[in-house]
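Some notes on the structure that comes next.
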Amino acid sequence: MRRRQKGSNKGIFPSSLPTLEQILQQQNLDISFSTYDLHEQKVAVFFIDYLTDTNKAQASLLKPLLAIPNQLTNSAIMNHIPLQGGETIQSLELIIEKLLSGTVFIYLENEKEALSYKLAHVEKRSPDKAETESLVVGPKIAFNESITTNMNIIRSRVQSSDLIMEPLHIGKTNSREVRIVYMKSIANDEDVQTIKQRIQDLDIDEVEDSIILKQYIEDSQLSFFPQFDSTELPDRFTYAITRGKVGVLVDNSSTGIIAPATLFSFLQSTEDIYMRWNEGTILRFIRFIAVFISFFLTPAYVAIVTYQFGIIPTQLLISLGKSRAAVPFPPFLEAILLEFLIELLREAGARLPTKVGQTMGIVGGIVIGQAAVQAGLTSNILIIVVAMSALASFTSPNYLLGTTVRLLRFPLIFLAGLFGLFGIVFGISLLVIHLLRLKSLGRPYLLPLYPLKLKDFNKSFFRAPLPYEHNRAISYRPKFLFRFNKKEAAKKRDIDE
């Protein structure tokens, strides 16, 4: 079917082919402009080589065009070319814009409009294993930079007409496609409209990646804490969508956004779902304890050794005194120095090639740590404390939350060095106040702890057996709360019943 796209009167291209070719070549776009004489008519075909699938253009467009036996018109061309999506355009500005997206144009001399077919050639990699969210149990496939591929993966996992992928475009200079993904009969309409409105209100030149888009549309851009979840795992993405959340995909980004999110959702892994409920619950508890250790252990060491050393058992106090006897720095500077050293090793290991980075992290940590003790710059016990804190920070499934915990540890160490345990209590109080005020897509960040939603504790703090996971989290106010009938799911029928 023929589609006509209206263009403004401004920029209507001339009917002369040489003049049109000259105007297009002045744009410095590396345009391939070919002219053919068919049935005593001049026909021009023009496109940008490296943005167009030239093989498809040759087989499906040029060959049928040159084989048309009758007088050429735009209608006759559209009837003979076996491609969908053809449309006519008469605005020169729109033609130049579409050339940059891999569109091929056919123009008959003396016509007032050109015929276009989008035959873009996109460089992309095949779906591979996840790099930042490694799993032992569960699917290993990850998103890639092609939004088409990502949508295909999601559709293959959620084969339902209820799944909506609503298209948007953002960026004035470099426009990019965005898809809002949600289940129409489940997702809260207010959440969908809120995230859609935030994206549409963006008046920016371009958005480089979904992580950048997430920073633009989060509720608080000054907070250290991520307010929207991000993942490169399609199963984690679709799991959240089918539970009533809203997802966002961005073209040329291998990461999907999930909203709303809570502080506790960043400590959940899809492995919890694939394991048995008791194993998943224990692993989730371990992560909660690990984040607490990572955040609190080093500041507690500084506070106790500096001010409240009376609460240390006598035998441990003697060992601690011997360990720190040759250290010239107070515990505060000693801890800051060692934490900064760990961060240097972590950053160096992340930036170096994979094999070299692993060697650097292991060898560098052992050699430098041992040398620091022998040189009297730090104590053995503090090395154990800092190593435990660093190790615990890696248990967070979300890299952004792990980074937040690492960074917030430094001001807490500073408060512990100045005021001891009272400084830690003061710092934690400020942090709790901030978290109570923080929101994600307008929802409280500490749900279901505040406001208290006891029925959602099995969605955040522990995992219940699958027959008891019959409802979705009420915290997100889904349209349809129940996933299945609890009584029917609990029945066990044998073959002879």
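The values are calculated or read from the model by the stated rules, or taken from the named source; none is laboratory data. No experiment lies behind these values; they were computed from the predicted model shown. Cβ placement follows ideal geometry from the backbone for every residue including glycine, while neighbour counts extend to all protein chains displayed. For the accessible areas, the whole protein counts, side chains as well, though only heavy atoms, and no ligand, DNA or RNA atoms are used. Shrake-Rupley method; radii C 1.70, N 1.55, O 1.52, S 1.80 Å.
Would you check which residues across region 134-153 are under 27 Å from M275 (Cα atoms), in a loop (DSSP other than H, G, I, E, B) and of a type outside the set (V, I, T) and list them?
Those that are under 27 Å from M275 (Cα atoms), in a loop (DSSP other than H, G, I, E, B) and of a type outside the set (V, I, T): S134, L135, G138, P139, K140, A142, F143, N144.
Taking the conditions exactly as written (within 28 Å of H121 (Cα to Cα) and of a type in the set (S, T, Y)), does S185 satisfy them or not?
Spelling it out, it is not the case that S185 is within 28 Å of H121 (Cα to Cα) and of a type in the set (S, T, Y).
Which of the numbered conditions does T242 fail, given that it passes all the others? Conditions: (1) open to solvent by 30 Å² or more (accessible area, probe 1.4 Å); (2) over 20 Å from P448 (Cβ atoms).
(2)
Identify the single condition in (1) at negative phi; (2) touching a residue at least 24 places away in the same chain (Cβ under 8 Å); (3) open to solvent by 60 Å² or more (accessible area, probe 1.4 Å) that N252 does not satisfy, given that it satisfies every other one.
Condition (1) is where N252 drops out.
List the residue pairs whose Cβ atoms are under 6 Å apart, where the first residue sits in region 108-125 and is over 19 Å from T54 (Cα atoms), the second is in a loop (DSSP other than H, G, I, E, B) and hydroxyl-bearing (S, T, Y), and the two are 6 or more positions apart or on different chains.
Partner pairs satisfying both residue conditions: N110/S15.
Anything in region 174-214 that is open to solvent by 60 Å² or more (accessible area, probe 1.4 Å) and closer than 29 Å to T132 by Cβ? List them, or say none.
N174, S175, R198, D205, E206, E208
I'd like to verify a number: residues in region 19-59 that are touching a residue at least 24 places away in the same chain (Cβ under 8 Å) and more than 36 Å from the chain's Cα centre (by Cα), how many?
13
G280: in contact with a Lys or Arg (Cβ under 7 Å, 6 or more places away or on another chain) and not in a loop (DSSP other than H, G, I, E, B), yes or no?
So G280 passes the test.
Does at least one position in region 83-101 carry a residue that is more than 27 Å from G171 (Cα to Cα) and modelled with pLDDT of 85 or more?
Checked against the condition, which is being more than 27 Å from G171 (Cα to Cα) and modelled with pLDDT of 85 or more, region 83-101 yields at least one hit.
Could you tell me which residue of region 301-340 is surrounded by the most Cβ atoms within 10 Å (Cβ to Cβ), considering only residues that are part of a loop (DSSP other than H, G, I, E, B) and either without any contact (Cβ under 8 Å) to a residue 60 or more places away in the chain or small (G, A, S) (or both)?
The residue in question is V327.
Only one residue in V425, V373, V385 is surrounded by fewer than 15 Cβ atoms within 10 Å (Cβ to Cβ) and part of a helix (DSSP H, G or I), so which one is that?
V425
Residues being more than 12 Å from L20 (Cβ to Cβ), open to solvent by less than 10 Å² (accessible area, probe 1.4 Å) and of a type outside the set (S, T, Y): count how many of those fall in region 82-118.
Looking only at that region, the number is 7.
With the requirement that a residue be in contact with a helix residue (DSSP H, G or I) (Cβ under 8 Å, 6 or more places away or on another chain) and surrounded by fewer than 23 Cβ atoms within 10 Å (Cβ to Cβ), what does region 222-233 give you?
Of everything in region 222-233, those that are in contact with a helix residue (DSSP H, G or I) (Cβ under 8 Å, 6 or more places away or on another chain) and surrounded by fewer than 23 Cβ atoms within 10 Å (Cβ to Cβ) turn out to be S223, F224, F225, P226.
Tell me which residues, restricted to region 428-447, are part of a loop (DSSP other than H, G, I, E, B) and in contact with a helix residue (DSSP H, G or I) (Cβ under 8 Å, 6 or more places away or on another chain).
Selection gives L441, G442, Y445, L446, L447.
Which of the residues spanning region 272-282 are open to solvent by less than 60 Å² (accessible area, probe 1.4 Å), under 17 Å from E133 (Cβ atoms) and not acidic (D, E)?
I273, M275, G280, listed by residue number.
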